[in-house]
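A.B. asks: Please find one structure pasted underneath; my questions will follow.
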Amino acid sequence: MSGILAGKRILVTGMVTDASIAFHTARIAQEEGAEVLLTGFGRLSLIERFAGKLPKPAPVIELDVTDQDHLDSLADRIGEHTDTLDGVVHSIAYGPQGAFSFLDGTWDDVSTAVHVSAYSLKSLTTACLPFLERRGGSVVGLTFDAAVAWPHYDWMGVAKAALESTSRYLARDLGDRGIRCNLVAAGPLRSMAAKSISGFADLADVWTTHRAPAGWDLTDPDPAARAVVALLSDFFPRTTGEIVHVDGGVHMTGA
């Protein structure tokens, strides 16, 4: 199969449903010629069912990024399917309900959000290094622009700021090993994650009130997924530590 990922092997984490950016990234990556591995946490049988909707079969590996045993054994479990990786997609984020109240959020809430949503980019990447180092590769994560204080996003915004900083430090430390690390800052989508944000409608209103010059569809993860696949490809050989905005242009309007 030809395509911009022809011959590449990609690990996509965090797929929950077929409406997620992770699912559409896996789909487009396969369409562009990649072999895809998936990771999931929790209801693996459900994740495997959604994986069955991909163009080609993709094995699902269980991974809880807060479980050191899972991380320590990840290389062995990846090795059951492939001897190298050319790319890793970090599509993992979580914050307890308390993380969405800035003044009331406890340290337990905040530490969980930062651990799952930011530190895991580092722990996942280092767990995959034995495969990524073999011929270089690309790590791509998903963020929600942390340059401003969004309505109702609160400590998750802080966690995303930590994710963005983590990506830059990984880019710094892994560049000489031929590994790039970049992020895609996607606009809001009606996803499983959105359901945990009680004020999601207010947040999405920034996009739905015609403040996105290029337009924005809250139900379409395809544009963000295409950006992830592009960054996984060889078309950005010297781009690292970057954040590519896929938000219809809202980030630059001052809205």
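The values are calculated or read from the model by the stated rules, or taken from the named source; none is laboratory data. No experiment lies behind these values; they were computed from the predicted model shown. All Cβ positions, glycine included, derive from the backbone under ideal geometry; neighbour counts span all protein chains shown. Accessible surface areas use protein heavy atoms only, side chains included; no ligands, DNA or RNA. Shrake-Rupley method; radii C 1.70, N 1.55, O 1.52, S 1.80 Å.
A.B. asks: Please list 3J(HN,Hα) in residue order for region 41-56, calculated via the Karplus relation 6.51 cos²θ - 1.76 cosθ + 1.60 where θ = phi - 60°; whole Hz, with x for glycine and proline.
C.D. replies: Result, rounded to whole Hz: 9, x, 7, 5, 4, 5, 5, 5, 5, 5, 4, x, 8, 6, x, 9.
A.B. asks: Further, regarding this structure: Could you give the length gained by full extension between ARG168 and TRP107, i.e. 0.36 nm per residue of separation minus their alpha carbon distance, to one decimal place? Intermediate results must be reported in sequence, preceding the final value.
C.D. replies: Numbers: separation 61, 0.36 × 61 = 21.96 nm, distance 2.48 nm.
Gain in length upon complete extension: 19.5 nm.
A.B. asks: Another one. Once Rh is set to the Kirkwood radius over Cα pairs, what Stokes-Einstein translational diffusion coefficient, in µm²/s, holds for region 45-94 at a temperature of 25 °C and a viscosity of 0.890 mPa s?
C.D. replies: Numbers: Rh = 12.6 Å.
This corresponds to a translational diffusion coefficient of 195 µm²/s.
A.B. asks: Next up: Above 22 Å lies some portion of the pair distances; for region 106-255, what is it as a whole percent of all C-alpha pairs? It would help to have the intermediate numbers written out before the result.
C.D. replies: Numbers: 4700 of 11175 pairs.
Tail of P(r) above 22 Å: 42 percent of Cα pairs.
A.B. asks: May I ask you to give the percent of accessible area on the chain that is carbon plus sulfur, with a probe radius of 1.4 Å?
C.D. replies: Answer for the chain: carbon and sulfur cover 53 percent of the accessible area.
A.B. asks: Turning to a different aspect of this structure: Would you kindly derive the ³J(HN,Hα) couplings of region 171-186 from the backbone phi angles with the Karplus curve 6.51 cos²θ - 1.76 cosθ + 1.60 (θ = phi - 60°), listing them in order in whole Hz, with x for Gly and Pro?
C.D. replies: Per residue, the Karplus-derived 3J(HN,Hα) values read 4, 5, 7, 10, x, 6, 9, x, 10, 9, 9, 9, 10, 10, 9, 8 Hz.
A.B. asks: Would you pull out the residues with amide H under 5 Å of ILE179's amide H, same chain only if 5 or more places away, H placed 1.01 Å from N?
C.D. replies: GLY137
A.B. asks: Using a 1.4 Å probe, what is the accessible area per residue for the chain, in Å²? Don't skip to the end; give the middle numbers.
C.D. replies: Numbers: 11530 Å² over 255 residues.
Per residue, the chain has 45 Å² of solvent-accessible surface.
A.B. asks: In sequence order, what are the phi-derived ³J(HN,Hα) couplings for region 226-239 according to the Karplus relation 6.51 cos²θ - 1.76 cosθ + 1.60 with θ = phi - 60°, rounded to whole Hz, with x for glycine and proline?
C.D. replies: Once rounded to whole Hz, the list reads 5, 5, 4, 4, 4, 6, 6, 7, 7, 7, 10, x, 10, 9.
A.B. asks: To the nearest Å, what is the center-to-center distance of region 205-255 and region 87-146, using C-alpha atoms only?
C.D. replies: When both Cα centres are located, 19 Å separates them.
A.B. asks: Cut-off 17 Å, label point 7 angstrom out along Cα-to-Cβ of HIS115: give me the residues of region 32-63 whose amide nitrogen falls inside.
C.D. replies: Within reach of a label on HIS115: 41-42, 63.
A.B. asks: What number does the chain give for Rg over Rh if you use C-alpha atoms and the Kirkwood radius?
C.D. replies: Details: Rg = 17.2 Å, Rh = 18.2 Å.
Computed over Cα atoms, the ratio is 0.94.
A.B. asks: Same structure again: Once you have the Cα-Cα distance between LEU44 and LEU218, take 0.36 nm times their residue separation minus that, and quote the gain in nm to one decimal.
C.D. replies: On the way: separation 174, 0.36 × 174 = 62.64 nm, distance 2.64 nm.
Separation in residues times 0.36 nm, less the Cα-Cα distance, equals 60.0 nm.
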